[in-house]
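I have placed the structure first, in the form of structure tokens, so that the comments after it can refer back to it.
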Amino acid sequence: GSGTGGNPNPAFPGRASHTATNVRPTDPPGSVKNLLVAGGYNNATPPNAFDTADRFNFANNGTTYTLPFQGPMVPGPTARVLHASSFFLDPATGIVKVLVTGGVDRCDATGATLAARIAGATESNSGSIYSFSPVEQVLGANNNMAGSRYGHTATWVPNNQVVILGGA
């Protein structure tokens, strides 16, 4: 797909508690920006979490885009809210990959507290790896963390590892 301006595509309603990860972090300034937008939720009645990962290529200072990849998050598809994601480089090929971890499968935007918003949600310990060069693909479906968590961070560190910190 392609489009312009504000919400990149009316087929994709607004999202909250999603992640947006740069999948071309080594591109020079001013080049086309590539983002993987994963999971999140909208204000619909739960279950309202997105189970998709969508890669957007933004050009012209973010005013136009193409959508070269849309796919279900794995395993499953897996709906994710309050999850974390980070890019890393495949040490053998230099290909940019994105690790998406944890989260919960629903969120009620009307809840007054976080506990009320995720009441009845199922927590995830899964981690999925998405690869973006030379072919768009989802790689890992069986990469599990030691325990379920949500509200955590995933941070790439220079020794090419992703560190998962915090959360509940």
Q: Spot the failing condition for Y41; the list is (1) under 17 Å from M145 (Cβ atoms); (2) at pLDDT 80 or above, and only one is missed.
A: (1)
Q. Got a sec? Which of S131, S148, S126 is at pLDDT below 85 and either within 15 Å of the chain's Cα centre (by Cα) or open to solvent by less than 70 Å² (accessible area, probe 1.4 Å) (or both)?
A. S131
Q. When only residues in segment 72-121 that are in a loop (DSSP other than H, G, I, E, B) and polar (S, T, N, Q) count, which is least open to solvent (accessible area, probe 1.4 Å)?
A. T78
Q: Answer yes if at least one residue in segment 153-167 is more than 20 Å from R15 (Cβ to Cβ), modelled with pLDDT of 90 or more, surrounded by fewer than 17 Cβ atoms within 10 Å (Cβ to Cβ) and within 15 Å of the chain's Cα centre (by Cα), and no otherwise.
A: yes
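The values are calculated or read from the model by the stated rules, or taken from the named source; none is laboratory data. Everything numeric in this text was worked out from a predicted model, so none of it was measured. Here Cβ is always computed from backbone atoms with ideal geometry, including for glycine, and neighbour counts include all displayed protein chains. Heads up: the accessible areas ignore ligands, DNA and RNA and are worked out on the full protein's heavy atoms, side chains in. Shrake-Rupley method; radii C 1.70, N 1.55, O 1.52, S 1.80 Å.
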